[in-house]
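The values are calculated or read from the model by the stated rules, or taken from the named source; none is laboratory data. Just so it is clear, the model here is predicted, and its values are computed rather than measured. Cβ: placed from backbone, ideal geometry, glycine included. Neighbour counts: every protein chain shown.
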Amino acid sequence: MDLMTILSTVVSTTLIYSAPLIFTSIGGSFSEHSGIVNVGLEGIMVIGAFSSIVFSLFMSKTFGWITPWIGLFVGGIIGTLFSLIHAVATINWRTDHIISGTVLNLMAPALGIYLTKLIFDGKGQTGFISQPLASSKIPFLSKIPIIGKIFFENTSIVAYIGILVSIFSWWLLKYTRFGLRLRSVGEHPEAADSVGISVYFYRYCGVLISGFLGGIGGAIMAESITLNFSGTTIAGQGFMSLAAMIFGKWNPIGAMGAAVFFGFAQSLAIIGKYIPIIAKIPNYWFTIAPYLITIIVLVAFVGKSQAPAADGSTFVKSK
């Protein structure tokens, strides 16, 4: 395999595995900027994956090639509804954020498998979809000499959409009234409340946005990589997204960059044998690498990165 082919394979595979993490980590940054810790990203991804696959299996003949793209939206909507549990528990009922998120992570796989058995005659996993999110070339950009072949030919379009979403999210949080108010309730909710900003409203917005983007992340994972739903469709990607968000210092662009890094780590199990320098390393090291790197990143950066000041706090509106 020549160098150009190796580079294009590495980039393409990295982007495919990065896409679910990009969307989910950006979603996590919205929630935490509002002051709500969301460790339930894993569960939200599971629900998004389940709903998108079920939609695709039943509606592929109706919508054809556009089915997986609609499936992403379906996954996002169901992820939003599922995240509402976390929002009500932490904002209204003042439940501990970590416990509430853990409940989501425990509930989602069990609920997904139960509904799968209910819908598909007792089977523990769904069939494979016929209309996946396939890799394709990006018009015009793929014709750029060298760069076009490496980055824009046979690549993940949804990953590039995720990169654009990260840039837009950064702008939204930094320069718009909505973003400034969202960040204010995550930094000092009492001060925000004193000037008439609805802390509850903006915290709900943060959690529900994280649910929408996390649901899309799970849908991307299911529709572009596993192509079906089972109990192992989402296997730690939600926690990797959380680590990417911390690694990126709660900045959507930083989270995106970290997600690409974690996507590369995941892709090594597929592409490692094609890279001469590491081709002789046993494959099981590549399989555990993403999880090992996740632990290392959390240990190395969680104490050094500065989270929003009121992240994880309970707010009680003053009378």
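Hey, among the residues in the stretch 111-130 that are without any contact (Cβ under 8 Å) to a residue 12 or more places away in the chain and in a loop (DSSP other than H, G, I, E, B), which one's surrounded by the fewest Cβ atoms within 10 Å (Cβ to Cβ)? Across the stretch 111-130, the extreme among qualifying residues is Asp121.
Working only within the stretch 236-261, note down all residues that are of a type in the set (Gly, Ala, Ser) and either part of a helix (DSSP H, G or I) or closer than 12 Å to Leu41 by Cβ (or both).
Gly236, Gly238, Ser241, Ala243, Ala244, Gly254, Ala255, Gly257, Ala258, Ala259
A residue that is at pLDDT 95 or above, in a helix (DSSP H, G or I) and surrounded by 24 or more Cβ atoms within 10 Å (Cβ to Cβ) cannot be found anywhere in the stretch 262-271. Each residue in the stretch 146-163 was checked for being closer than 14 Å to Leu7 by Cα and assigned to a loop (DSSP other than H, G, I, E, B), and 4 of them qualify.
The residues listed here are Phe55, Phe82, Phe50; of these, the one that is closer than 22 Å to Ile157 by Cβ and either in a helix (DSSP H, G or I) or in contact (Cβ under 8 Å) with a residue 24 or more places away in the chain (or both) is Phe55. For Val195, the stated conditions do not hold, so it cannot be described as crowded, with 24+ Cβ neighbours inside 10 Å, hydrophobic (A, V, I, L, M, F, W, C), in contact with a helix residue (DSSP H, G or I) (Cβ under 9 Å, 6 or more places away or on another chain) and more than 24 Å from Ile293 (Cβ to Cβ).
Checking the stretch 13-20 against the condition returns a match, with at least one residue being in contact (Cβ under 8 Å) with a residue 60 or more places away in the chain, out of contact with any His (no Cβ under 7 Å at 6 or more places or on another chain) and closer than 25 Å to Leu115 by Cα. If you take the residues of the stretch 76-110 that are of a type in the set (Ser, Thr, Tyr) and surrounded by fewer than 18 Cβ atoms within 10 Å (Cβ to Cβ), which of them is nearest to Gly48 (Cα to Cα)? Once the filter is applied, the top-ranked residue is Thr102.
For the stretch 286-298, check the following and say yes or no: at least one residue is farther than 27 Å from Thr95 by Cβ and touching a Lys or Arg at 6+ places or on another chain (Cβ under 8 Å).
First pass over the stretch 286-298, keeping only residues farther than 27 Å from Thr95 by Cβ: 286-293, 296-297.
Restricting the remaining residues to those that are touching a Lys or Arg at 6+ places or on another chain (Cβ under 8 Å) gives none.
Scanning the stretch 286-298 turns up no residue that is farther than 27 Å from Thr95 by Cβ and touching a Lys or Arg at 6+ places or on another chain (Cβ under 8 Å).
Filter the stretch 134-160 for residues that are aliphatic (A, V, I, L, M) and over 26 Å from Leu227 (Cβ atoms) and give the result. Those that are aliphatic (A, V, I, L, M) and over 26 Å from Leu227 (Cβ atoms): Leu141, Ile144, Ile146, Ile147. Within the stretch 279-288, the set of residues being at pLDDT 75 or above and surrounded by fewer than 18 Cβ atoms within 10 Å (Cβ to Cβ) comprises Lys280, Ile281, Pro282, Asn283, Tyr284, Trp285, Thr287, Ile288. The set of residues in the stretch 236-257 being among the aliphatic types (A, V, I, L, M) and either surrounded by fewer than 20 Cβ atoms within 10 Å (Cβ to Cβ) or farther than 19 Å from Gly186 by Cβ (or both) consists of Met240, Ala243, Ile253, Met256.
When residues in the stretch 37-54 are screened for being surrounded by fewer than 24 Cβ atoms within 10 Å (Cβ to Cβ) and within 13 Å of Glu223 (Cα to Cα), 1 of them pass.
Examine the stretch 250-265 for a residue that is among the small types (Gly, Ala, Ser) and without any contact (Cβ under 8 Å) to a residue 12 or more places away in the chain, and state whether such a residue exists. Yes; the residues of the stretch 250-265 include at least one that is among the small types (Gly, Ala, Ser) and without any contact (Cβ under 8 Å) to a residue 12 or more places away in the chain.
Per-residue answers, yes or no, for (1) modelled with pLDDT under 95; (2) basic (Lys, Arg); (3) closer than 29 Å to Val11 by Cβ:
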site: Ile129; (1), (2), (3): no, no, yes
site: Ser136; (1), (2), (3): yes, no, yes
site: Ile161; (1), (2), (3): no, no, yes
site: Ser169; (1), (2), (3): no, no, yes
site: Arg183; (1), (2), (3): no, yes, no
site: Val199; (1), (2), (3): no, no, no
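Inspect the stretch 126-133 for any residue being farther than 29 Å from Glu32 by Cβ and of a type in the set (Ser, Thr, Tyr) and give the result as yes or no. Looking through the stretch 126-133, at least one residue is farther than 29 Å from Glu32 by Cβ and of a type in the set (Ser, Thr, Tyr).
Taken as a whole, the structure places Ile99 among residues that are farther than 25 Å from Ala19 by Cα, modelled with pLDDT of 95 or more and part of a helix (DSSP H, G or I).
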